[in-house]
Amino acid sequence: MIVFKDVNKSYKNTTVLKDISFTIEDGDLVCLIGESGCGKTTTLKMINKLISPTSGEITINKQNIKNINDIKLRRKMGYVIQQTGLFSHMTIKENIEIIAKIEKMPEEKREKRVNEMMKMVDLDEKLLDRYPSELSGGQLQRIGIARAFMTDPKIILMDEPFSALDPMSRTALQDELLKLQRKFHKTIVFVTHDMDEAIKLADKIAIMEKGELVQYDTPENILKHPANEFVKEFVGNKRIWNSPEFIKVKDIMITRPITCKEEDSKFYCINKMRMTKVDSLMVVNEERELIGILYAESLTLKHHKGKGIKDVIEKDIVSVEENDSIVDLAKLIKNTKSATIPVVDRKKRLTGLITRSSLITALSQQFVEEDD
């Protein structure tokens with residue numbers, strides 16, 4: 001766990017960081033983002049002591065890093081930068097194993113580990129005897145990642161590692177990093193200026209403005225609840241529609257669906273539908289557990305005459321939970337042709353309702369200007 005507590009950094013009369021406090025949990029990928037000069041790279045470099053704070057403290061696993069030897073601290077961290085930082089006079093193999101060699105990892109183990117790293121970043125072992133000048137930008141960044149993982153550090157720092165790459169290479173490496181993170185659960189601090197990249201990669205995003213941390217939260221919460229006008233403008237009003245998986249059923253559902261009980265009379269149910277201007281009722285028991293749906297059509301069909309409510313309830317229905325995404329919801333509506341979908345909790349208690357019209361209304365918001 002990495003903790004920043006009241007960290008400040010000044011150069012003469014210039015304040016670079018002001019009262020920075022936040023915690024990076026073990027195994028999280030945290031993106032630092034903001035405009036140029038906001039202090040994100042300075043914040044990153046403080047973790048491995050390439051830059052020291054003017055005041056405040058930074059701890060790793062409750063140990064103040066100022067009490068840790070600089071070289072020892074850095075060798076326990078992976079570090080990937082935009083220009084890869086590979087040594088041009090060394091082969092790819094020598095670049096990957098350099099820290100392991102300094103740390104006196106046995107040669108046999110080192111050889112095996114290098115080959116494992118090449119497989120991990122999906123590169124051919126034939127490249128190991130080549131030099132950096134012989135590889136493409138995307139390949140070089142993969143080598144940089146391989147070197148960062150070589151000694152199996154718990155913390156990896158990445159300073160805009162993909163920003164100089166073409167869009168296809170960048171997307172491929174983002175996907176590769178996500179795959180590695182799901183497998184190895186490293187603590188990764190990732191500097192970027194691209195909000196789409198941060199949303200795609202991060203467990204949490206730290207948005208910085210002029211040396212201050214203005215919001216630190218999950219991508220979902222930042223998209224839905226920007227802390228101030230700067231964040232709102234920086235993120236973009238419509239950006240959440242680029243990540244619809246963050247829009248949940250609970251964000252668009254009808255929160256007070258009209259209900260009835262199995263014991264209610266037909267007259268009561270028909271009158272309730274008429275008064276509330278709906279064509280169906282959610283049938284629940286005393287604990288609000290969903291039993292089924294009662295449609296107005298079922299109450300008026302001739303062959304249902306003389307039957308009670310229990311006999312005409314539609315029980316073969318699909319439902320969703322509050323935290324399901326609207327992507328899943330849209331697929332469900334398309335596949336089932338359902339016009340009405342109840343929302344239930346894990347105990348199958350009714351909590352809301354989705355209709356085709358409520359979904360369409362929610363989706364149409366991306367085309368509606370905020371001023372309107």
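The values are calculated or read from the model by the stated rules, or taken from the named source; none is laboratory data. Everything numeric here is computed off the predicted structure, so don't read it as measured data. Note: ideal-geometry Cβ built from the backbone for every residue, glycine included; neighbour counts use all protein chains shown.
Within the stretch 234-248, one or more residues are surrounded by fewer than 18 Cβ atoms within 10 Å (Cβ to Cβ), aromatic (F, W, Y) and either in contact with a Ser or Thr (Cβ under 6 Å, 6 or more places away or on another chain) or under 30 Å from I24 (Cβ atoms) (or both). Check the stretch 191-200 and report whether any residue there is surrounded by 18 or more Cβ atoms within 10 Å (Cβ to Cβ) and assigned to a loop (DSSP other than H, G, I, E, B). Within the stretch 191-200 (the criterion being surrounded by 18 or more Cβ atoms within 10 Å (Cβ to Cβ) and assigned to a loop (DSSP other than H, G, I, E, B)), the answer is no, since none of the residues qualifies. Among (1) of a type outside the set (K, R); (2) at pLDDT 90 or above; (3) in contact with a helix residue (DSSP H, G or I) (Cβ under 6 Å, 6 or more places away or on another chain), where does Q181 come up short? Failing condition for Q181: (3). Out of S52, S36, one residue alone is over 30 Å from E229 (Cα atoms) and not in a strand (DSSP E or B). It is S52.
Restricting attention to the stretch 172-187, which residues are of a type in the set (S, T, N, Q) and either outside any helix (DSSP H, G or I) or more than 21 Å from K119 (Cβ to Cβ) (or both)? Before you say what the answer is, go through the steps one by one.
Initial filter on the stretch 172-187 (of a type in the set (S, T, N, Q)): 174, 181, 187.
The one that is of a type in the set (S, T, N, Q) and either outside any helix (DSSP H, G or I) or more than 21 Å from K119 (Cβ to Cβ) (or both): T187.
One line per residue, one yes/no per condition, for (1) farther than 13 Å from I354 by Cα; (2) modelled with pLDDT of 80 or more:
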{"site": "G236", "(1), (2)": "yes, no"}
{"site": "K250", "(1), (2)": "no, yes"}
{"site": "T255", "(1), (2)": "no, yes"}
{"site": "S265", "(1), (2)": "yes, yes"}
{"site": "R288", "(1), (2)": "yes, yes"}
{"site": "A296", "(1), (2)": "yes, yes"}
{"site": "L301", "(1), (2)": "yes, no"}
{"site": "K315", "(1), (2)": "yes, yes"}
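Scanning the stretch 309-347 for residues that are within 14 Å of L294 (Cα to Cα), part of a helix (DSSP H, G or I) and either of a type in the set (K, R) or touching an Asp or Glu at 6+ places or on another chain (Cβ under 9 Å) (or both) yields I309, K310. Scanning the stretch 52-86 for residues that are within 19 Å of P161 (Cα to Cα) and either in contact with a Ser or Thr (Cβ under 6 Å, 6 or more places away or on another chain) or of a type in the set (F, W, Y) (or both) yields Y79, Q82.
Any chance the stretch 222-233 includes a residue that's crowded, with 21+ Cβ neighbours inside 10 Å and not in a loop (DSSP other than H, G, I, E, B)? Yes, the conditions are met somewhere in the stretch 222-233.
Within the stretch 275-292, identify whether any single residue is surrounded by fewer than 18 Cβ atoms within 10 Å (Cβ to Cβ), over 29 Å from D345 (Cβ atoms) and out of contact with any Cys (no Cβ under 7 Å at 6 or more places or on another chain), and answer yes or no. The answer is no, given that none of the residues of the stretch 275-292 is surrounded by fewer than 18 Cβ atoms within 10 Å (Cβ to Cβ), over 29 Å from D345 (Cβ atoms) and out of contact with any Cys (no Cβ under 7 Å at 6 or more places or on another chain).
Restricting attention to the stretch 130-151, and to residues there that are of a type in the set (V, I, T) and assigned to a helix (DSSP H, G or I), which single residue is farthest from L177 (Cα to Cα)?
Going through the stretch 130-151, the residues of a type in the set (V, I, T) turn out to be 143, 145, 151.
With the extra rule that they be assigned to a helix (DSSP H, G or I), the set shrinks to 143, 145.
Values: I143: 13, I145: 9 Å.
The extreme case among them is I143.
Do we have any residue at all in the stretch 157-168 that's modelled with pLDDT under 90, under 25 Å from K248 (Cβ atoms) and part of a loop (DSSP other than H, G, I, E, B)? No, the stretch 157-168 has no match at all. Cβ-Cβ distances below 7 Å connect the following pairs, each with a first residue in the stretch 122-142 that is touching a residue at least 60 places away in the same chain (Cβ under 8 Å), a second residue that is aromatic (F, W, Y), and a separation of six or more residues or different chains: Q141/F162.
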